[in-house]
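As structure tokens, the structure follows; a few thoughts come after it.
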Amino acid sequence: MKEHLRIALPSKGSLGQTSLEFLYGCGFIVKRGSDRQYTGTIQGYDIEVLFQRAEDIPPKVWDGTTHLGITGLDLVEEHKIKNGSTQILFPHLGYGKANLVVAVPESWIHVSSVYDLADLVAKWQLTSQGKHLRIATKFKALTERFLHENNIYNYQLVEVSGVLEVTPKLNQADIIVDLTSSGVTLKENHLKVVDGGTLLKSEACLIGNRSIFSNPCKTIQLIVEQVMDKIESHIRARDYVRVMTNIECTDSQQIEREIKNTLAKESIQIETFTLSQSLFPSRAGDSVVNINLIVPTHDLYRVVQCLRQYNALEIASTKIDYLFLNQSRYYQQVYDRIQKEEDSL
């Protein structure tokens, strides 16, 4: 029976929708019959899609139910502490960003840092009949690790369903550890983030089961490599633009040298520079060369100014979808690391 590559995606919410849009930008069109169907396919690829709750994706990748998955880095790190390693193939896909933070009531005017919080808890233990710091969170493993790293041991993790921000006001908890993107919800509930209280900067990430890198099915390995290569190239392309222009000249090699030297003096990095002779002369009958460059987006206007020095006739810029290298660096790094670990066993 033919084995398919399986990838798990969030089934609902903004993370699910943005993941579909991200994959589309990478050239992977996900086909799903309806929102009630929990399987799908990727058009043109031998890939099966499983739609799961975001928090269920790390364990399903870890136990091999699915080969790959896209979910929040916070959920991956929480699962890793409890259950061991999952391979993080791309930790930063560029969306779904949020910080996992410690937030205390604004009325705690003497608590502005995690060190103040540790002092307060120590005082409670000595003067308040051993009162525990009650913490509402859905990230128990990450929270406990953070507390121990900051010498806070006198605490109690509170089981709370629903919204965490309201728990201090309802006296269900003293503080919370939760995700925040803008901080608006915390402020509206009269909570503040303490200095040094960021446990994790999270965003969407791609994870994989380590078995895919030693899978006897070479088709699986090849598809994984292609998926990683296209994602890596698409992410890289975000930071670059293509610049195209035509310049009148009598010596194409000289104009190429001069433009490259000018760009180098301006410390402008060039990813690619191609020059070709135009089939069409200028209106005055002079020779024209076509120049194509790929340069960092933040250097675009400086490149335009440089080309104007050489009387560029017209200058156009376009976004690019992919910027491939001679191989997928991310795939090769993960593959080499896993092979090294297995050889040492």
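Structural remarks
- Against the compact-protein benchmark of 2.2 N^0.38 Å, the Cα-based radius of gyration of the chain scales to 1.32.
- Among H67, H110, H79, the largest mean-square fluctuation in a Gaussian network model of the chain, built with springs joining Cα atoms closer than 10 Å, belongs to H110.
- With contributions of -39500 (n - 2.57) from each DSSP H run of at least four residues, the per-residue ellipticity at 222 nm computed over the chain stands at -10500 deg cm²/dmol.
- R0 of 35 Å, Cβ-Cβ distance N171-S34: FRET efficiency to nearest 0.05: 0.20
- Principal-axis tilt of helix 114-127 within the chain, Cα atoms, nearest 10 degrees: 10 degrees
- Karplus 3J(HN,Hα) series, Hz, for the range 48-53 with 6.51 cos²θ - 1.76 cosθ + 1.60 (x for Gly, Pro): 9, 10, 10, 9, 9, 4
- Here the spin labels are modelled as points 7 Å beyond Cα on the Cα-Cβ line, and at N261 and S107 they lie 7.3 nm apart.
- In sequence order, the range 186-197 has phi-based couplings of 4, 5, 5, 9, 6, 10, 9, 7, 7, 4, x, x Hz under the Karplus curve 6.51 cos²θ - 1.76 cosθ + 1.60, θ = phi - 60°, and Gly or Pro positions carry x.
- Listed residue pairs exceeding 23 Å between alpha carbons, taken from K80/K218; K82/K201; K169/K192; K123/K192; K138/K201: K80/K218
- Between I223, L126, T318, the Cα set farthest toward the positive side of the dipole of the chain (charges on each charged residue's Cβ, about the Cα centre) is that of L126.
- Distance between the modelled labels on D195 and L300, one decimal in nanometres: 3.9 nm (7 Å Cα→Cβ projection).
- With a Förster radius of 30 Å applied to the C-beta separation of D321 and R145, the computed FRET efficiency comes to 0.15.
- Q52 long-range amide H proximity, modeled H, under 5 Å: L9, S11
- Cβ-based net charge around L117, under 12 Å, with every Lys or Arg adding one and every Asp or Glu removing one: -2
- Between K218 and T250, full extension at 0.36 nm per residue minus the direct alpha carbon distance yields a gain of 6.2 nm.
- For the range 327-336, 3J(HN,Hα) computed residue by residue from phi via the Karplus equation (6.51, -1.76, 1.60; θ = phi - 60°) reads 7, 6, 5, 5, 4, 5, 5, 5, 4, 5 Hz, glycine and proline entered as x.
- Working note: Debye formula, equal point scatterers on the alpha-carbon atoms of the range 98-201, no solvent; log10 I(q)/I(0) at q = 0.23 Å⁻¹ is -1.41.
- FRET efficiency, R238 to S85 (Cβ-Cβ, R0 35 Å, nearest 0.05): 0.75
- When only alpha carbons are used to place a centre, the range 185-200 and the range 63-115 end up 15 Å from one another.
Readers should treat all values here as calculations from the given coordinates under stated rules, not as data from a laboratory. Since we're looking at a predicted model, the values are computed, not measured. Glycine gets a Cβ as well: all are built from the backbone with ideal geometry, and neighbour counts include every protein chain shown.
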